[in-house]
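The values are calculated or read from the model by the stated rules, or taken from the named source; none is laboratory data. Keep in mind the model is a prediction, meaning the values are calculated, not measured. Heads up, the Cβs are rebuilt from the backbone with ideal geometry, glycines too, and the neighbour counts pull from every protein chain shown. The area values use the complete protein model at the heavy-atom level, side chains included, leaving out ligands, DNA and RNA. Shrake-Rupley method; radii C 1.70, N 1.55, O 1.52, S 1.80 Å.
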Amino acid sequence: MRIDVLTLFPEMFTGVVNSSILQRAINENHLEINIIDYRKFSLDKNYKVDDYPYGGGAGMVIEVEPIVLALRSIPKGYTVLTSPKGVTYNQDKAKELSKKDHLIIVCGHYEGIDNRITNYIDEEISIGDYILTGGEIAALAMIDSIARLIPNVLGNQESLQSESFEELLEYPQYTRPEEFEGLKVPSVLLSGHHENVRKWRRFQSLKKTYERRQDILEKANLTKEDLKFLDLIKEGKDLEF
Ligand SMILES: C[S@@+](CC[C@H](N)C(=O)[O-])C[C@H]1O[C@@H](n2cnc3c(N)ncnc32)[C@H](O)[C@@H]1O
């Protein structure tokens, strides 16, 4: 997959793109990321890309022209504008975008971009109901979550299947030591009894999703066993082995 990012702050991408799973995905040719500084496409002799808003008001607005010129300098791809006014990003959107061969992400800054940019993009995406200084952190959140979904990027494909939002919220995870400051790892996880571990994890996933995200639970495909577990959870009971 190819991802091009149009930004005024390319340096914000260096650390994240060169670390961890993203770096590995790039090194193993699953992912190509190009960071394009659209200031370079300004026709102004001082490379200015922003100007005062028509009609007055605070702050500066990014001109549409440098971004359109930057878009025309690369092959066409599915183009997303980072914007607090966009549809809210989630795991389903990450999955949808991970299937594109070529994704282009446009990052705004200052007061945003001249609204005419909407004629040159496919979709506006927000990463949540808060205002960021620029689209770079939004673009990084999207790139990171998309990269994990590209086939063979994660070493262990199983870790994708049990992750939160794949169906229910993920069950709690533990590692060494068995006891830390009196806090013990649940004994079932040390038992070596695979079926009980599976049941415990499913129960915990259902419990956490019931307590925190009933909206996800309503959409989940629940088995007979899940419904029995949910009855216990609603009665405040625990699973006994
Ligand atoms: C300071 S914001 C502009 C906010 C704009 N004045 C408004 O009220 O809608 C600058 C840029 O940050 C990015 N941005 C801010 N919040 C965002 C969010 N929640 N999701 C995605 N991008 C965001 C967008 O690219 C936006 O153009």
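Backbone amide hydrogens, once placed in the peptide plane, bring Ile35 within less than 5 Å of Val5, excluding anything fewer than 5 places away on its chain. Cross-link partners for Lys228 among the lysines, with Cα-Cα distance under 20 Å and sequence neighbours closer than 8 places in the same chain left out: Lys199, Lys207, Lys208, Lys219, Lys237. Legend: calculated FRET efficiency, Leu232 to Asn34, from the Cβ-Cβ distance at R0 = 51 Å, rounded to 0.05, equals 0.50.
Of all DSSP bridge pairs formed entirely within the chain, close to 15 percent run antiparallel.
Note on the range 122-241: with charges restricted to the Cβ of Lys and Arg (+1) and Asp and Glu (-1), its dipole about the Cα centre is near 600 debye. Principal semi-axes of the equivalent ellipsoid, √(5λ) from the alpha carbon gyration tensor of the range 162-234, are 24, 14, 11 Å from largest down.
Its alpha carbons considered, the range 2-147 gives a radius of gyration followed by a Dmax of 14.9, 50 Å. Over the chain, what is the relative contact order in whole percent, taking alpha-carbon pairs under 8 Å and six or more residues apart? For the chain, the relative contact order is 18 percent. The eigenvalues of the Cα gyration tensor, multiplied by 5 and square-rooted, give the range 31-85 an equivalent ellipsoid with semi-axes of 23, 16, 9 Å from largest to smallest.
For a paramagnetic label modelled on Asn115 (point 7 Å from Cα along Cα→Cβ), amide N atoms under 18 Å away belong, within the range 51-75, to 51-65. Rolling a 1.4 Å probe over the protein chains gives Asp4 an accessible area of about 0 Å².
Note on Ser73 and Asn18: their simple-model spin labels are 2.1 nm apart, each label 7 Å out from Cα toward Cβ.
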